[in-house]
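In what follows, a structure is listed as C-alpha cells, so that the remarks can point back to it.
Here, each number is a calculation from the coordinates, and none is a lab measurement. What you see is a predicted model; the values in this text were computed from it and never measured. Neighbour counts run over all protein chains shown; Cβ positions are idealised from the backbone, glycine included.
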Amino acid sequence: MLLDSVLFYLFAILILVSSILMITRRNVVYAAVWLINALIGTAGLFLLQAAEFLAGVQVIVYIGGITVLYLFVIMLVPLREEMLQRRFASQGWIAVICSTLLLVLVSVFLFRGAGSFEFGEPPTPPPLSQITTNSEQVGQALFSRYLLPFEMASILLLVAIIGAIVMSKARGAPGTSISSMDN
Amino acid sequence: MYPVTTAHYLLLSAILLTIGTVGVLTRRNILVILMSIELILNAVNINLVAFSNYLQEVSGQVFVIFVITDAAAEAAVALGILIALFRNKETVHADEVDILRW
C-alpha cells in the first residue's frame, strides 16, 4: 500500500512535469521527447492499476508508433527558423485563466462527489482463485461483447490509412499527370 | 494523501486535461497543438483505467484500446493534412493560415 502510493506520486510528478515542459518548449523535437516521457509515466500508472496489457499497448502503439510518426513529420519542418519564431498565441493568458477555471470546476465536482459513487475506498481485488491475466480478460471482452466496435475500429484504421496516403501524396513530375482531373 | 484512492487518479486526469487544453489553446505551432491533443487523450485513458480497476470491470480497458486506436488514426490523418498544408503554404503556425479570413 505504501509502495503503491509512493509509485503513484512518482509517476504523477513525472507525467505533470513532462507535460508542462512539453507545452512550453521552443524546440519542437524536445517537446516530442517530453511527450514520450509523459506517455511512459502513463504506462507506469496503467501498471499500478493492474492493467499490464494496456501498459504494453501504450508503450508499443502510442510511444513506438504515434510519437515516432510525429517525429517523422517534425523532421520535415526546418528547425532553426522554427526556434526563432514566437511560441505562444496572442490570447495566451486568457486561455490559461479559462483552463484553470475549468480545472477548479472539475475538482469541485470531484470532491463533492455525485451521489452515485463514493470515494476514499481502495479497490478490492478478486479472490486469488479467480485471477485471470489482463490480456485474457481484455481479449475475452474484445472478441465476444465488443466485436462490432472492434471490426469498426479496423475499418476506421483502413480509412485513415487511405486518407493519409492520398493527402500527403506528392504530385507527379511536371509534364505527367497522376489524377485524371489534369486533362 | 495516503492511501492513494481512485480520486487521486481522477484529479491527476483532470490536471492533465487542463494542461493539454492550455497547450492546444496557447501554442502557435500546429505540431505542438496536435501533441497536446494526445495529452488530453491520455488523460481520458488514465481516467478510464482508474475506474476500470475500481469497479473491477474490463469494459474501461476495452474503451482505452479503442481510444488508442482512434488516436493513431487521427494522428495519421492530421499529419497528412499538415503535410499537404505545408506543401502549399510553407508554414506550420496556426495563426498564419488565414487565407479564408475576411
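Using alpha carbon centroids, what distance separates region B:24-102 and region A:31-66, in Å?
Answer, in whole Å: 15.
Quick one: what does P(r) look like for region B:6-96 with 10 Å bins over all Cα pairs, in whole %?
Taking all Cα pairs of region B:6-96, the binned fractions are 17, 38, 28, 13, 4, 0 percent.
Please give the residues of region B:80-95, grouped as numeric ranges, whose backbone N is less than 20 Å from a label point set 7 Å along the Cα-to-Cβ vector of A:Ile165.
B:80-85
Between A:Ile131 and B:Ile81, take the C-beta separation as r, use R0 = 41 Å, and let me know the FRET efficiency to the nearest 0.05. Mind dumping the intermediate values first?
Numbers: r = 45 Å, r/R0 = 1.10.
Efficiency for this residue pair is about 0.35.
Give me the one-decimal nm value for the distance between modelled label points at A:Phe111 and A:Phe150, 7 Å along each residue's Cα-to-Cβ direction.
4.3 nm
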